[in-house]
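Asks: Attaching a single structure in structure tokens format; questions to follow.
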Amino acid sequence: MRAGTLLLALSGPIGPPLEMACAEVEPPPVAMVQPWREIALEPEYSGAWVVAGDLDDDRVPEIVSARNVDRNDVHYTSAAVAQRLDGSVLWRWGDPGIGRRELHHDVACQVYDWDGDGRSEVVLCTEGFLVELDGATGRERRRFPLPKDATDCLVFANLSGGPRATDVLVKTRYTQIWALDQRGRQLWTVEKPGGYLTAHQPVPIDLDGDGRDEVAAGYAMLEADGRVRWLFHSRKIRQERGHCDCFRLVRRGKTPAEFRFAMTLCGANGIALLDGNGQAIWEIDGEHFESIDVGRICPDLPGVQLAVDIDHRPWGDGPVWVIDEQGQVRTKIRTDYARHHALLDWTGDGVSEIVVAQSRSLYDGLGRRVATLSMDPQDDLDGDERLALTGDFTGDGVPDVVLTTRAMRHVSIYRNEQGRKPDPPAPLGTEVNFTLY
């Protein structure tokens, strides 16, 4: 089946979906979008992990890219470089002689105003230490020791009940999470939460409105003090075969029972919608679902929809499914490879399009391609895995699109000229706690 073929599923979440070709619909015109900026990355310190934020308080975001070391699936950040949108280098940090540009996991390097002074820091986990860098200069402000191998990713959370998130979560790849306060003092640690592997990135969310975040830590939801609040038990899937790959907030509620979360089960091959008590609303099994985007994708449907990719398929068979809140598969988009994607309103109608990084394309809720993102031929290499980021890079509050590749010669920024400004406006650069999953 050729890329971009549209399929609608008529069945519910029980059993394999029945597929039927969509009725012929006149497709919208496909625009070829040229980059607004192409930033040639500093070759020595840069890496495939990219985050962005306003580092020098000039209301313009800067790009931070980072290299990483991988030793038997234990990762730490080894070098980083900050660059302005004109490509000039703001600062460099670390040892460029070690590490790699390869990327198959989150890298512990985030942009965040940790001290609340209105200026962003760059915080990263290197071998054995958490390091805080001044955003404008890259000067090391402080570091504190970390537990062994607790450098897989970095998440800021409000576990202490203060006015903002100043605590930090660090972890090994799949087994243990530590919560630390801003001074590096351990608040708690959990190994195999609920008896299962951790997710790739813990997700903080205040479920009960007490001003302290609970933490989605895989199949388990943890209290702010690290105790297990609940454990998800699948009715359809042998969840011990894998781990929680992606966990996303779908809908907030006044009570935990009114919350909705989406979870994919890597290795166990499933996707589920849960309430805030960990009870499954529906489950779909049989596919290696990976990352989830949540938003209003189909204008004729109530509520929001999920865009989820299916991985571990041969090249040329990279599906993205659109699933509604009732668990109905509404659209299937076939691309060469769909692992990295994002949502944003590109056309200004208040409905999100799906950005699929590998095809450099944006699709509407019916799977029709509405725009293609042009890329320099030297970066458009066959088989080179591309990643998609969104955020405000032009200062107008409207989210733009950023494409990066593993080859990482350039970062390409595409200005969103027609999209509607969301409420609240999109942040400058990538959001805090950025993740691939």
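Asks: Enter the Cα centre distance for the pair region 195-212 and region 262-277, rounded to the nearest angstrom.
Replies: Between the Cα centre of region 195-212 and that of region 262-277, the gap is 14 Å.
Asks: Can I ask one more? Could you tally the net charge around LYS254, taking each other residue with its Cβ under 15 Å from the Cβ of LYS254, Lys/Arg +1 and Asp/Glu -1? Write down the numbers at each step before the final one.
Replies: On the way: positive: ARG251, ARG252, ARG260; negative: ASP206, ASP208, ASP210, GLU258, ASP275.
Once all neighbours under 15 Å are counted, the net charge is -2.
Asks: Shifting gears a bit: Report the rotationally averaged projected area of the chain based on its alpha-carbon convex hull, in square nanometres.
Replies: Working: hull surface 77.0 nm².
Computed as one quarter of the Cα hull surface, the answer is 19.3 nm².
Asks: Tell me, what HN-Hα J-couplings in whole Hz come from the Karplus equation 6.51 cos²θ - 1.76 cosθ + 1.60 at θ = phi - 60° for each residue of region 350-364, using x for Gly and Pro?
Replies: Karplus values, whole Hz, x for Gly and Pro: x, 10, 7, 9, 9, 8, 10, 5, 5, 7, 6, 9, 10, 10, 8.
Asks: Moving on. Write down the accessible area per residue of the chain in Å², having rolled a 1.4 Å probe over the full set of protein chains.
Replies: Numbers: 17300 Å² over 437 residues.
Heavy-atom SASA per residue in the chain reads 40 Å².
Asks: Most fluctuating residue of GLU38, GLU121, GLU417 in a GNM of the chain with Cα springs under 10 Å: which is it?
Replies: GLU417
Asks: Would you count, across the chain, every pair of lysines whose alpha carbons are under 30 angstrom apart, provided the pair is eight or more residues apart or spans two chains?
Replies: So the count works out to 10.
Asks: Antiparallel versus total DSSP beta bridges in the chain: what percent is that, nearest 5?
Replies: Values: 119 of 123 bridges.
Here the share of antiparallel DSSP bridges comes out near 95 percent.
Asks: Now for a separate question. Sort out for me the Cα centre separation of region 43-59 from region 337-413, rounded to whole Å.
Replies: Here the answer is 19 Å between Cα centres.
Asks: Find the Cα radius of gyration of region 150-282, compare it with 2.2 N^0.38 Å by division, and give the number to two decimals.
Replies: Working: Rg = 13.9 Å, N = 133, 2.2 N^0.38 = 14.1 Å.
Against the empirical 2.2 N^0.38 Å value, I get 0.99 for region 150-282.
Asks: Using modelled backbone amide H atoms (1.01 Å from N, in-plane), which distant-in-sequence or interchain residues come within less than 5 Å of LEU387's amide H?
Replies: The answer is THR404, THR405.
Asks: Something else: In whole Hz and in residue order, list the ³J(HN,Hα) couplings for region 74-86 that follow from phi through the Karplus curve 6.51 cos²θ - 1.76 cosθ + 1.60, θ = phi - 60°; x for Gly and Pro.
Replies: Once rounded to whole Hz, the list reads 10, 10, 8, 7, 10, 7, 8, 9, 9, 9, 6, 5, 8.
Asks: Ordered by residue, what ³J(HN,Hα) values in Hz, to whole numbers, does region 198-206 give under the Karplus form 6.51 cos²θ - 1.76 cosθ + 1.60, where θ = phi - 60° and Gly and Pro are x?
Replies: 3J(HN,Hα) across region 198-206, in whole Hz: 6, 7, 5, 9, x, 10, x, 7, 7.
Asks: Send over the per residue convex hull volume for region 264-334, Cα only, as a whole number of Å³.
Replies: Values: hull volume 6.2 nm³, N = 71.
Hull volume over Cα atoms, normalised by residue count, gives 88 Å³.
Asks: Lys/Arg Cβ at +1, Asp/Glu Cβ at -1, dipole of region 293-407 taken about the Cα centre: which of GLY367, VAL351, VAL401 is farthest positive-ward?
Replies: Comparing the listed Cα positions along the dipole, GLY367 ranks first.
The values are calculated or read from the model by the stated rules, or taken from the named source; none is laboratory data. On a predicted model such as this, the values are computed, not experimentally measured, just so you know. Backbone-built Cβ (ideal geometry, glycine too); neighbour counts: all protein chains shown. Calculation scope for accessible area: heavy atoms of the full protein, side chains included, ligands and nucleic acids excluded. Shrake-Rupley method; radii C 1.70, N 1.55, O 1.52, S 1.80 Å.
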